[in-house]
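The values are calculated or read from the model by the stated rules, or taken from the named source; none is laboratory data. Not measured: the values here are computed from a predicted model. Every residue, glycine among them, receives a Cβ derived from its backbone with ideal geometry; neighbour counts consider all protein chains shown. Each accessible area value is taken on the protein alone, full model and side chains, heavy atoms only, with ligands, DNA and RNA left out. Shrake-Rupley method; radii C 1.70, N 1.55, O 1.52, S 1.80 Å.
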Amino acid sequence: SVTGDARVIELMERYFRYLESVPEDRFLIGYWPKIRAGDQLAAIHWLYNRTGEKWLLDLAEKTHRHTARWDQGVIDWHNVNIAQGFREPAQWWVQSHLQSDYDAAERNWQEVRRLYGQVPGGMFGADENAREGFDDPRQAIETCGIVEEMLSDEILIALTGEMVWADRCENVAFNMLPAAFTADMGALRYLTAPNQPVSDAQNHSPGIQNGGAMFLMSPHRHRCCQHNAGHGWPYYAQHLWYATPDNGLAAVLYSECTVTAKVGKDATVTIDEQTDYPFGETVRLEISLDAPTRFPLSLRIPGWCTDAKISVNGQPVPVQAQPGTLSTIVRNWRDGDVIELVLPMEVRVHRWEANHGAVSIDRGPLSYALDIGEEYRLVEDAGAQNKNLTDEQIARLNKRWPAYEILPTGAWNYGLLPDQPIVVEQYGLGVGSPWTPDTTPVALWAKARRIPQWQIDMYGLAAPLQDSPARTDEPVETVRLIPMGAARIRISAFPVASTDPDAHVWSEPQRPKRLYDASASHTYAGDRVSAIADDIVPANSNDHAVPRHTFWPHTGTTEWLQATFDEPRTVRSVSVYWFDDTGVGRCRVPVSWTLHYRQGNQWHPVATTDEFGVEKDRFNTVTFEPVQTDALRLEVVLQPDFSGGVLEWKIE
Ligand SMILES: [Zn+2]
C-alpha cells in the first residue's frame, strides 16, 4: 500500500493460492515456520482487507491451525521467536473472537517481562535464548528481536486499539534500537544490553549465551540482523498514524511527518506534524483541508504522561483521556487549524525490585544511561567472515565499511543517589543523528558514588548486580546521564549507593587468571582456549557457567592443547577437568590422552605409570618424573562422532 502497485496484490493472491494447494501434512512444517507463522497470518489478513475474498480467511484458519501454540503460553525461549511469535493469538482473535486468544498476547508479553525483562529499555535478556538464572540487565537482546518486538507492538496497536502497545513500542524504539547501530547506521552489533559498559570484539559466552564477537559494531557480520535492522525505522514511520473505526485519524506514534488520509465522508485531509519528540514535549499538528470537514482526531496520551495539555488554535481543550489512551476531538475541522499537544516530561525513578532493587532514570519516553565516554577503536573485519575476498577487496571494504570496538574511557561502576535532585539540561535538536553523547538534545545530571567492587568479571561483562542499597564510602560525584539510545556502551540499571553501615557490602567478581599461555589445535569460535588456564574450577563436567575450551565441531579426531611458560619451569604433575555436556550437546570425555614436554624443538613423553584418566566431574591427575621444560602438550583422542573439551588444566 506504500507504492500502490497493483502487481503486489496479484503476486500475493497467486502465492496464497499456492499455499491453499499445499497439502495439510506439508504445510508450515519444520521448527521456524510453525513458531513464526503469525507473520503469514498478518500478510493474509492484509490481503483480505483489500480484496475481501472469503477463501483467504480459510487459508488464515489453515495457517493458524499449523502455528505453534502461543495461545497456551510462551512455548519457546528464543529471543526473536518470542518477539515475533507472542502476538499470534491476538491476530487470530479477529477470526476466533475468543477472549482467551485476545488475552494471550498480553499474558505472553507479561510472562517474558516478569522473568527476563525487569530492566529498562522495554526488551528482555535473551542473548540468543532466555536462560533460567540469566536475568541481570547485562543480558542482551538481538537486534532482530528489537525490530520484531516493535513490529509486533505496531500490529497489536491496530488489532486492539490499546495504546499500551504504543508505549511499549516507543520504549524499545527510542531506548534500544538506536544503540544497536553506530550513529551513521553503517555498522551494527548482534547483541545490545541495558548494562553493557564494554562493546568489544571478544567472546563473552557463556556469560551471554551466544559466542563470538557479538558486541562488535560491524557491517560485515551478524547475518540475520543485517537484514532485519533496516526495517526498524521504516516500520515505525509506517505506523505513526492509524485510521480509526469512526472515519477519523489517530496520531499514535509521534514524529515529524506529513500524513494524507481519507476522513469523514470521503474527504481528504493532510496533516503536517512538527515535533522534537521524544526529546521535546510539544507536538504541533497543522491541518490542510479543501473544505471544512467533521471528523474525529485522536491523540495518544502516553502512559507516562499525567498532565497532558491540548489546545486548538490557541484555545485549551479539556483532555478527557487517561494516560495510556487516546484523547479524541470531534469537530468541524478547517484548513489551517493548529492543534498543539504538550506532554510534560517529568524525571522519574523506576525501581526494579526483582533486580536487587536497582534503579533506572526516565524522563518522558526516554530512559537514561551513564555517559561513560566512548573510544571507537577501528577493527579490520571485512575479511574475517568472507574468505573469498581478495586482499584488495578487503582493504577497500574496510575503508568504506569500518567496524568498531567501543571501549569505556571513564569509570562505569557508579551507584546513584536517586533521592538527590536530578537536573535536566536541554541543548535543542542539532543536525545529524541525535543519538550520540555529543549530539543528544537532552542530558540529566545526577548524584552518584562509585562502587569499587563492581567490576568486569571473568566473561568480560559487568558483574551482575547485587543488592541495593550498596555500601560505598566513595565521594559523591555529579554524573551525566544521556538517553539510552545515545549510549552504545551503557549502564542504565544502577545500584543505589549508600553510606549506611547496614547497606549491602558488594563482593568482587571472580576474575580469570593466566596460569600459562594456552593454545590448541582448534578452538570453537564460541569458546576460548585461555579458559583452561584461568584458575576457575567448574562445579562439574557439565558446568555451563564457567568459561571453557572445546574442539567443536571436530569429532573423532586427535587434537592437542599446549601450555607454554614464560620461563622454563620444573613440573611433576598435571590435572585435567574434562568438559562433557551429555544431555545438552555433543561433547564427551575423550577416548584417551597423552602428555609430552618440550626440550629444544623435540617433544618427549613424560615418564609415569599413572593412568591417564577420563573421569567426569573431577580433576584427572597424572604425576610423572619431574622435568624442566618451557611447554607441555596434551594429545587428546576424541570419541568417534563426538567432540570434546577441557574446562581447566592445572600444572604443578
Ligand atoms: Zn538477528
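What percentages, rounded to whole numbers, describe P(r) for the stretch 6-217 computed over all alpha carbon pairs with 10 Å bin width beginning at zero?
8, 32, 31, 20, 7, 0
Using only the Cα atoms of the stretch 386-467, build the gyration tensor, take square roots of its eigenvalues as a ≥ b ≥ c, and label the shape rounded, prolate or oblate: rounded if a/c is under 1.5, else prolate if a/b is larger than b/c, else oblate.
oblate
Could you state the accessible area per residue of the chain in Å², with a 1.4 Å probe and every protein chain left in place?
About 43 Å² of surface per residue is accessible.
Can you compute 3J(HN,Hα) from phi for each residue in the stretch 164-176, using the Karplus curve 6.51 cos²θ - 1.76 cosθ + 1.60 with θ = phi - 60°, rounded to whole Hz and x for Gly and Pro?
4, 5, 6, 4, 5, 5, 6, 4, 5, 4, 8, 9, 10
Add +1 for every Lys or Arg and -1 for every Asp or Glu among the other residues with Cβ under 10 Å from the Cβ of Ala180, and state the total.
With Lys, Arg at +1 and Asp, Glu at -1, the net is +1.
Ser288 accessible area, nearest 10 Å², 1.4 Å probe?
That residue has around 50 Å² of solvent-accessible surface.
Give the angle, between 0 and 90 degrees and rounded to the nearest 10, that separates the Cα long axis of helix 143-160 from the longest principal axis of the Cα atoms of the chain.
30 degrees
Determine how large the accessible area of Glu162 is when every protein chain is in place; take a 1.4 Å probe and give Å² rounded to the nearest 10.
Spelled out: Glu162, probe radius 1.4 Å, area about 70 Å².
What does the accessible area of Trp304 come to, in Å² to the nearest 10, when a probe of 1.4 Å is used?
40 Å²
Based on DSSP H runs of at least 4 residues, each adding -39500 (n - 2.57), what is the mean residue ellipticity at 222 nm of the chain after dividing by all its residues, to the nearest 500 deg cm²/dmol?
When only DSSP H runs of four or more count, the value is -6500 deg cm²/dmol.
Less than 20 Å from a label point 7 Å out along the Cα-to-Cβ axis of Ser507: which backbone N atoms in the stretch 459-484 qualify, by residue?
459-473
Under 16 Å between C-alpha atoms is the cut-off here; go through the chain and count lysine pairs that meet it, provided they're at least eight residues apart or on different chains.
4
Computed on alpha carbon atoms, what radius of gyration and Dmax characterise the stretch 517-651, expressed in Å?
For the stretch 517-651, the Cα-based Rg and Dmax read 13.9, 43 Å.
Quick one: of the DSSP bridges fully inside the chain, what percent are antiparallel, nearest 5?
Given both bridge residues lie in the chain, the antiparallel proportion sits at roughly 95 percent.
Report, in debye and to the nearest 20, how large the dipole of the chain comes out about its Cα centre when Lys and Arg carry +1 and Asp and Glu carry -1 on their Cβ.
The dipole magnitude comes to about 640 debye.
If the label point is 7 Å along Cα→Cβ of Arg114, which residues in the stretch 33-73 have backbone nitrogen under 13 Å from it?
Taking a point 7 Å out along Cα→Cβ of Arg114, the residues of the stretch 33-73 whose backbone N falls under 13 Å are 73.
What is the spread of the Cα atoms of the stretch 353-498 along each of their three principal axes, largest first, in whole Å?
58, 41, 27 Å, listed from the longest principal axis down.
Can you give the convex hull volume per residue for the Cα atoms of the stretch 464-519, as a whole number of Å³?
Roughly 161 Å³ of hull volume per residue.
Tabulate in residue order the Karplus-calculated ³J(HN,Hα) for the stretch 524-530, using 6.51 cos²θ - 1.76 cosθ + 1.60 with θ = phi - 60°, rounded to whole Hz; enter x for Gly and Pro.
Those phi angles translate into 4, 4, x, 10, 8, 5, 4 Hz.
For the stretch 517-584, which whole-number percentage of the solvent-accessible area (1.4 Å probe, protein heavy atoms only) is attributable to carbon and sulfur atoms?
In the stretch 517-584, the share of accessible area belonging to carbon and sulfur is 49 percent.
With a Förster radius of 22 Å, plug the Cβ-Cβ distance of Ala545 and Asp467 into 1/(1 + (r/R0)^6) and report the FRET value to the nearest 0.05.
0.60
Using the scaling law 2.2 N^0.38 Å as the reference, what is the normalised Cα Rg of the chain?
That works out to 1.11 for the chain.
Calculate the length of the line joining the C-alpha centroid of the stretch 448-463 to that of the stretch 326-381, in whole Å.
27 Å
Read phi for every residue in the stretch 330-338 and hand back ³J(HN,Hα) as whole Hz from Karplus 6.51 cos²θ - 1.76 cosθ + 1.60, θ = phi - 60°, with x for Gly and Pro.
Values per residue, Gly and Pro as x: 10, 7, 7, 6, 10, 4, x, 4, 10 Hz.
Quick one: which residues, 5+ away or cross-chain, put their amide H under 5 Å from the amide H of Ser205? H built at 1.01 Å from N.
It is Gly212, by chain and number.
Can you tell me the mean projection area, over all orientations, of the convex hull of the stretch 587-652's alpha carbons? Units nm², please.
In nm², the orientation-averaged hull projection of the stretch 587-652 is 5.0.
Normalised by the residues of the chain, what does the relative contact order come to in percent, with Cα pairs under 8 Å and at least six apart?
The value is 10 percent.
Which trypsin sites (Lys or Arg not before Pro) in the stretch 430-538 sit in a loop by DSSP (not H, G, I, E or B) and have at most 13 other Cβ atoms within 10 Å of their own Cβ?
In loop regions of the stretch 430-538 (DSSP not H, G, I, E or B), the sparsely surrounded trypsin sites (Lys or Arg not before Pro) are Lys513, Arg514.
Please list, in chain and number order, the residues 5+ apart from Ala631 or on another chain whose amide H is under 5 Å from its amide H, with Hs placed from the backbone.
Phe565, Arg598
Looking at the stretch 439-576, what % of the alpha carbon pairs are farther apart than 25 Å?
Roughly 51 percent, once rounded to a whole number.
Rounded, prolate or oblate: which fits the stretch 334-434 when a ≥ b ≥ c are the square roots of the eigenvalues of the alpha-carbon gyration tensor, with rounded for a/c under 1.5 and prolate only if a/b beats b/c?
Oblate.
Using the Kirkwood radius built from alpha carbon pairs, what does the Stokes-Einstein equation give as D for the stretch 84-201 at 25 °C and 0.890 mPa s, in µm² per second?
165 µm²/s
Write out the trypsin sites (Lys or Arg not before Pro) in the stretch 31-93 meeting two conditions: DSSP loop, and at most 15 other Cβ atoms within 10 Å of their Cβ.
Arg69
Can you give the angle from 0 to 90° between the axis of helix 391-400 and the longest principal axis of the chain, with both taken from C-alpha atoms, to the nearest 10?
40 degrees
Counting only protein heavy atoms, what percent of the accessible surface of the stretch 353-498 is carbon or sulfur at a 1.4 Å probe?
The value for the stretch 353-498 is 50 percent carbon and sulfur by accessible area.
Can you give me the long-range amide H partners of Ser327? Hydrogens built in the peptide plane at 1.01 Å from N, cutoff under 5 Å, separation of 5 or more residues or another chain.
Under 5 Å from the amide H of Ser327 lie the amide H atoms of Leu299, Arg300, Ile301, each far enough along the sequence or on another chain.
Dimensions of the stretch 44-118 along principal axes (Cα, Å, largest first)?
On the principal axes, the stretch 44-118 reaches 44, 23, 20 Å in Cα extent.
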